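Everything on this sheet refers to the single structure shown next.
The values are calculated or read from the model by the stated rules, or taken from the named source; none is laboratory data. These numbers were taken from a predicted model, which means no experiment stands behind them. Counting neighbours? That spans all protein chains shown, and the Cβs are built from the backbone with ideal geometry, glycine included. Only protein heavy atoms, including side chains, enter the accessible area calculation; ligands, DNA and RNA are left aside. Shrake-Rupley method; radii C 1.70, N 1.55, O 1.52, S 1.80 Å.
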Amino acid sequence: DRVYDRGWRKQFIANKQDGWWVMDVNENKDSVVQGKQETELVEDEKTICICHDIERGLGHLDVDAAWAAHANTYAPRALEEMLEIEATMNVKSSYNVVGTLLRAVRDQIETGRHCIAFHSFDHNLEDWQLRRCRRVDNRIKGYRTPQSRITPELNDMNLCQNNFDWLASSISSLGLNIPLMQNRIVKIPVVTDDFD
């Protein structure tokens, strides 16, 4: 007897024949739950998904240094205000956070029961980001690419190997206008983006 052999004898009437367990269906019919096919009507309603990229000034350092400085100064208060508004309106959002900022904002965001995804590790499109994100947290399932640029690193295989379930980017960068699962990765097109 092996550990997994014991379960058969507790739940079913079974006999061993030539090293195999044999169960008579009629003898065990009272122990088997039969599936029942039913239909459930699901309402076809539109859902609007809101996501915020939490990057402070990192997202604009190479584009507009003055705006980056402004964002670094005011981003913490802007996050507080957005979380207050969403709490008042009972809205749940996805917050795509640059990995280097996650420790600073995570508790605030999770207190409101919002979803957290990565928005790269450090918003540097020249460096590989996925493994560096995983050093911060291996459980976060989503990835929102900076500037909606799909870099060579962001292929389905790399995303899967690094334990990501979904990738969000602009409609034009994904070539999609509705969410779609491809190669075990859900691709989520973002309609409004701060980069063309």
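What's the FRET efficiency of residue 13 with residue 39 using the Cβ-Cβ distance as r and R₀ = 45 Å, to the nearest 0.05? The computed FRET efficiency comes out at 0.80. If the chain linking residue 139 and residue 65 were pulled fully straight, counting 0.36 nm for each residue of separation and taking away their Cα-Cα distance, it would gain 23.3 nm. Setting aside same-chain residues fewer than 8 positions from residue 46, which lysines have a Cα under 21 Å from its Cα? Excluding near neighbours in sequence, the set is 92, 187. Using the 1.4 Å probe convention, the accessible area of the chain works out to 71 Å² per residue with neighbouring protein chains retained. Amide H contacts of residue 53 (H built 1.01 Å from N, in plane; Pro and chain starts excluded): 96 sit under 5 Å, all sequence-distant by 5 or more or on other chains.
Taking one quarter of the surface of the C-alpha convex hull of the chain gives a mean projected area of 18.1 nm². The label-point distance for residue 192 and residue 113, in a model that sets each label 7 Å from Cα toward Cβ, rounds to 2.5 nm. Rounded to the nearest Hz, the phi-derived 3J(HN,Hα) couplings of region 118-131 under the Karplus curve 6.51 cos²θ - 1.76 cosθ + 1.60 (θ = phi - 60°) are 8, 10, 6, 8, 9, 6, 9, 6, 7, 9, 5, 10, 4, 5, where x marks glycine and proline. Computed from backbone phi, the HN-Hα couplings of region 146-154 come to x, 6, 6, 9, 8, 7, x, 5, 8 Hz, rounded to whole numbers (Karplus: 6.51 cos²θ - 1.76 cosθ + 1.60, θ = phi - 60°; Gly and Pro given as x). For region 67-81, backbone phi angles converted through the Karplus equation (6.51, -1.76, 1.60; θ = phi - 60°) give residue-by-residue couplings of 5, 4, 5, 4, 4, 4, 6, 9, 4, x, 5, 4, 5, 4, 5 Hz, Gly and Pro being listed as x. Of 178, 116, the residue with the largest accessible area leads and the full order is 178, 116 (1.4 Å probe). Between residue 131 and residue 177, the contour length at 0.36 nm per residue exceeds the Cα-Cα span by 13.7 nm.
Amide H contacts under 5 Å for residue 93: 115, restricted to partners 5 or more places along the chain or on a different chain, H placed in the peptide plane at 1.01 Å from N. By the compact-protein rule of thumb, 2.2 N^0.38 Å, the alpha-carbon radius of gyration of region 50-94 corresponds to a ratio of 1.30. Surface listing: 133, 51 arranged by accessible area from highest to lowest gives 51, 133, probe 1.4 Å. Bridgeable lysines around residue 29 (alpha carbons under 18 Å apart, same-chain partners fewer than 8 residues away excluded): 10.
Computed over protein heavy atoms with a 1.4 Å probe, the carbon and sulfur contribution to the accessible area of the chain reaches 51%. Where does the charge balance sit around residue 139 when Lys and Arg score +1, Asp and Glu -1, over other residues with C-beta under 13 Å from its C-beta? Taking every Cβ under 13 Å from that of residue 139, the sum is +1. For residue 121, what residues show an amide H to amide H distance below 5 Å, using hydrogens built from the backbone and excluding near sequence neighbours? Placed amide hydrogens put 99 under 5 Å from residue 121.
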